[in-house]
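The structure under discussion appears below in the form of structure tokens.
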Amino acid sequence: MHPNDEHYDAVIVGSGFGGSINSLRLAQAGKSVLVLERGGRYKPGEFPRDATDVDRLFWRYPRRTKSRGLYEVRFLSSIAAVVASGVGGGSLIYGNIHIRPDPVIFDDLRWPRSINRQSLDPYYDKVAAMLGVTPLPADIKLVKRDMYREAAARTGREVFDPDQAVSWKEPGPGRQACQLVAECELGCQYGAKNTLDLTYLAQAEGSGARVRPGCYVTRIEPHAPGYRVHYTDVASGASASVTGRRVVLSAGTLGTNEMLLRCRDVYRTLPYLSRKLGDGYSGNGDFLGSIQNSQTDLEPWKGPDVTSVIRYFESAPQFTMGAPTFNRAVMTALASHGQGGGRLLKVLSPLLWPLMEWITPWALKSGILSKPARFRDRDTGDPARMTNLFAIGRDNANGRLRLKRGRLDMEWDYARENQELTKKTLAAMQEVADVYGGTFAPVVTWNIFNRIITFHSLGGCHLSDSPQGGVVSTHGEVHGYPGLFVADGSVIPSSIGFHPVMTISAVSERIAEAVVSSY
């Protein structure tokens, strides 16, 4: 080993749920821990709000070296996916929703038999305690919650207010209680969200772990007695590396799959990774729609983004649905742009889809998408009478992540293979819209391109009993590479049909236990 080499007991790649959880448990066990995060730190009040400042908004590094923002939007051939970039990962921009899924989810034969709702319950408990999850208090009166719950009652559906990782009361110095401004998914400017940087990571750093932002990991290679992790400093462009006796890869589903595919097929530093790598991707059945022109003023910009969830689990294909709304500026822009796609755009859709990663930032920077539309179509209306609908379902998890022409891509005929789920989802959304007395339409990516946009990428590095069944063991250790672990959404072997973060976190707590005991 070179005398100037940095060496740690554990190097963790990524600071989302898997990375943060492992960093705390390893630090508590007395191990030296380094967390490498590609994004920056965001304190309350520092999250971007100018949608035309696309370099602060979007992560497009390394193709655009100055574009190192909060959101990464990937337009893969089969699907669009949104992920986060920053210290705290997805917790910075998620809707805070924590749900323990029904036991039936684990009946899917892709789950190892040793992992089920009962075996995960102790880990769910750990996560709930660490993140302080509680439902939206009943004494907070919100029109949008009342209307959504009424829609559930009138359609004969079960509805519940899920646990949320939010401080409804004053959480402590430098933070404020939830201000009910519907900015959960935009980055909370008040510190009311119990995000990972304020919980798991803060405690990890208090126990000696180091978090190094702005480090873009490029490859991992064996280096006795563990692994060498190579990365680029995104600010300077300088290359560096560190070694770790254990390495935990927690770069998010897309990041982790891409990293391992490159290490196997491009750099050939991990040539014996399972041939199942990249198989079994799921978008968790995510499907967006919106209701315009509700008969009721919904005050959509008051409250957390999501208040309640409706269950559609009485028969397959199963899903749940919420009604997320955002602050006044975002709802005004969304309402003014309407719900349709236009016949010409649909005709041109095969040509336009590959260009969307350039079109989207340009449209925001120019104000076409970020500001109210100058000319409204017949479906647009008062933003106060608009809500979004967001279904989360049990898709067939049949996507295949691959490197194509040097970039991550996906093979999956989602629309055809999940036709029944989509049909049932659309019918349910229309049913809710009828109660609201408004006009419903699916998200524009579906209207024009027949593709979904997901916020819940899962799979590709499945938990499994052998390399023939997946990429990692039932405790997250990569088959054939002792001391290399994966802990994030990529290890989840099926769609869940509920918000998945609670299960990703519980599985990560279970993996962290195994990493600690592996020394």
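The one condition from (1) closer than 19 Å to residue 198 by Cβ; (2) open to solvent by 20 Å² or more (accessible area, probe 1.4 Å); (3) among the hydrophobic types (A, V, I, L, M, F, W, C) that residue 57 does not meet is (1). For region 193-238, a residue qualifies if it is free of Cβ contacts under 8 Å to residues at least 12 places away in the same chain and more than 30 Å from residue 176 (Cβ to Cβ), and the qualifying residues are 224, 236, 238. Selection within region 158-179: residues that are open to solvent by 70 Å² or more (accessible area, probe 1.4 Å) and more than 24 Å from the chain's Cα centre (by Cα). The member of this set that is nearest to residue 134 (Cα to Cα) is 169.
Within region 121-133, restricting attention to residues that are in contact (Cβ under 8 Å) with a residue 12 or more places away in the chain and surrounded by fewer than 17 Cβ atoms within 10 Å (Cβ to Cβ), the residue that is farthest from residue 178 (Cα to Cα) is 121.
Considered as a group, the residues in region 11-27 that are of a type outside the set (Gly, Ala, Ser) and closer than 18 Å to residue 98 by Cβ include one that is surrounded by the fewest Cβ atoms within 10 Å (Cβ to Cβ), and that residue is 24.
If you scan region 60-85, which residues turn out to be open to solvent by 50 Å² or more (accessible area, probe 1.4 Å) and closer than 21 Å to residue 195 by Cβ? Once the filter is applied, which keeps residues that are open to solvent by 50 Å² or more (accessible area, probe 1.4 Å) and closer than 21 Å to residue 195 by Cβ, region 60-85 yields only 68.
Does residue 124 meet the test of being touching a helix residue (DSSP H, G or I) at 6+ places or on another chain (Cβ under 7 Å), of a type in the set (Phe, Trp, Tyr), in a helix (DSSP H, G or I) and on the phi < 0 side of the Ramachandran plot?
Judged against the criteria, residue 124 is a match.
Of the candidates 320, 387, 325, 380, the single residue that is touching a strand residue (DSSP E or B) at 6+ places or on another chain (Cβ under 7 Å), buried (at least 20 other Cβ atoms within 10 Å of the Cβ) and modelled with pLDDT under 85 is 380. In region 404-416, which residues are crowded, with 16+ Cβ neighbours inside 10 Å and either at pLDDT below 95 or under 15 Å from residue 461 (Cβ atoms) (or both)? Listed by number, the residues that qualify are 408, 410. Selection of region 255-292 for residues being touching a strand residue (DSSP E or B) at 6+ places or on another chain (Cβ under 6 Å), open to solvent by less than 10 Å² (accessible area, probe 1.4 Å) and under 23 Å from residue 405 (Cβ atoms) yields 256, 257, 261, 263, 278, 281, 283. Among the residues of region 492-519, those that are among the hydrophobic types (A, V, I, L, M, F, W, C), within 20 Å of residue 97 (Cα to Cα) and not in a loop (DSSP other than H, G, I, E, B) comprise 501, 502, 504, 506, 507. When region 95-120 is filtered for residues that are open to solvent by 10 Å² or more (accessible area, probe 1.4 Å) and part of a helix (DSSP H, G or I), the ones remaining, listed by number, are 103, 104, 107, 117, 118, 119. Just to be sure, is residue 50 surrounded by fewer than 17 Cβ atoms within 10 Å (Cβ to Cβ), among the acidic types (Asp, Glu) and farther than 24 Å from residue 259 by Cα? The answer is yes for residue 50.
Here is a yes/no grid of residues against (1) touching a strand residue (DSSP E or B) at 6+ places or on another chain (Cβ under 7 Å); (2) open to solvent by less than 10 Å² (accessible area, probe 1.4 Å):
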| site | (1), (2) |
| --- | --- |
| 432 | yes, yes |
| 436 | yes, yes |
| 446 | no, no |
| 451 | yes, no |
| 460 | yes, yes |
| 468 | no, no |
| 476 | yes, yes |
| 505 | no, yes |
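If a residue must be in contact with a Gly (Cβ under 8 Å, 6 or more places away or on another chain) and either among the polar types (S, T, N, Q) or open to solvent by less than 10 Å² (accessible area, probe 1.4 Å) (or both), how many such residues does region 180-196 contain? The qualifying residues number 6. The combined condition, being touching a Pro at 6+ places or on another chain (Cβ under 8 Å), closer than 30 Å to residue 303 by Cα and either without any contact (Cβ under 8 Å) to a residue 40 or more places away in the chain or not small (Gly, Ala, Ser) (or both), is not fulfilled by residue 159.
The values are calculated or read from the model by the stated rules, or taken from the named source; none is laboratory data. Given the structure is predicted, the values throughout are model-derived calculations rather than measurements. Cβ: placed from backbone, ideal geometry, glycine included. Neighbour counts: every protein chain shown. To get the accessible areas, we keep the full protein, side chains included, count just its heavy atoms, and leave off ligands, DNA and RNA. Shrake-Rupley method; radii C 1.70, N 1.55, O 1.52, S 1.80 Å.
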